[in-house]
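Data first, discussion second: the structure below is written as structure tokens.
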Amino acid sequence: MDYAAKPFGLGQTYFGRTPTADEQAKVSMLEGYEAIFSDTVQEGARLTNRRRRAVLVRNDSGAALSPGALVNWKSDYVGKRVGGKTGEGLQAVAGVVDPELNADVADGDLFWLIKEGPVTVTAADAISSNSMITNADTGKVQTIPTLPASAAEAQSNAIMMIGLAMSSASADGDTLRAYVRFPF
């Protein structure tokens with residue numbers, strides 16, 4: 001069950017293409033709209049029944065964004081626009097591009113960004129189920145070491161954790177299910 005009226009559902013973008021500047025201006029008031037979606041059915045399979053919190057954002061990165069990619073906020077537009085895929089290291093990750101999309105999000109288009117809940121993401125290397133995960137290069141995820149070498153590393157790991165792997169991945173480029181939570 002979905003919990004609020006939404007301009008469109010997961011698996012869709014607002015325009016489905018690169019919109020004109022006039023079209024973007026006409027729908028700018030939708031940026032930042034929050035919604036809850038249920039994680040119930042995808043391709044005929046019953047999933048977790050958990051809730052997914054999402055925010056409607058604009059791709060303002062200058063390039064297409066792939067489904068399931070981790071992205072960062074666009075400077076001066078936190079909560080409304082994303083500026084590109086994450087890199088590796090300590091940073092404020094915005095969320096996950098709607099993993100139910102069948103095509104990339106065109107620059108300028110509006111899409112759902114998953115802020116919390118179960119999603120499909122892409123691994124940067126092998127990941128075991130139940131591993132803590134963090135952002136990696138090109139919008140992927142990687143594991144966080146469970147045996148830090150120092151207190152400083154343990155603190156950094158705690159800050160960088162974005163979620164927990166719900167399934168496993170064997171290699172770079174494999175997809176897996178994860179429960180994520182982004183505070184910003």
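The values are calculated or read from the model by the stated rules, or taken from the named source; none is laboratory data. Please read all numbers here as calculations on a predicted model, not as lab measurements. We work out accessible area using only protein heavy atoms, side chains counted, and drop any ligands, DNA or RNA first. Shrake-Rupley method; radii C 1.70, N 1.55, O 1.52, S 1.80 Å.
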What Rg and what Dmax come out for region 28-184 when only alpha-carbon atoms are used, in angstroms?
15.0, 47
Looking at the chain as a GNM with Cα springs under 10 Å, which of A151, A136, A165 has the largest mean-square fluctuation?
A151
Accessible area expressed per residue, the chain, with surrounding protein chains retained (probe 1.4 Å, Å²):
49 Å²
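Tell me, what does the Kirkwood hydrodynamic radius of region 94-170 come to in angstroms if you use every pair of distinct C-alpha atoms?
Details: mean 1/r = 0.0726 Å⁻¹.
The Cα-based Kirkwood calculation yields 13.8 Å.
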Using a 1.4 Å probe on the protein chains only, how many percent of the accessible area of the chain belongs to carbon and sulfur?
50 percent
Go ahead and set up a Gaussian network model of the chain, Cα springs under 10 Å, then flag whichever of L147, L56, L90 fluctuates most.
L147
Measure nothing fancy, just the Cα-based angle from helix 151-160's long axis to the longest principal axis of the chain, in degrees from 0 to 90, nearest 10.
30 degrees
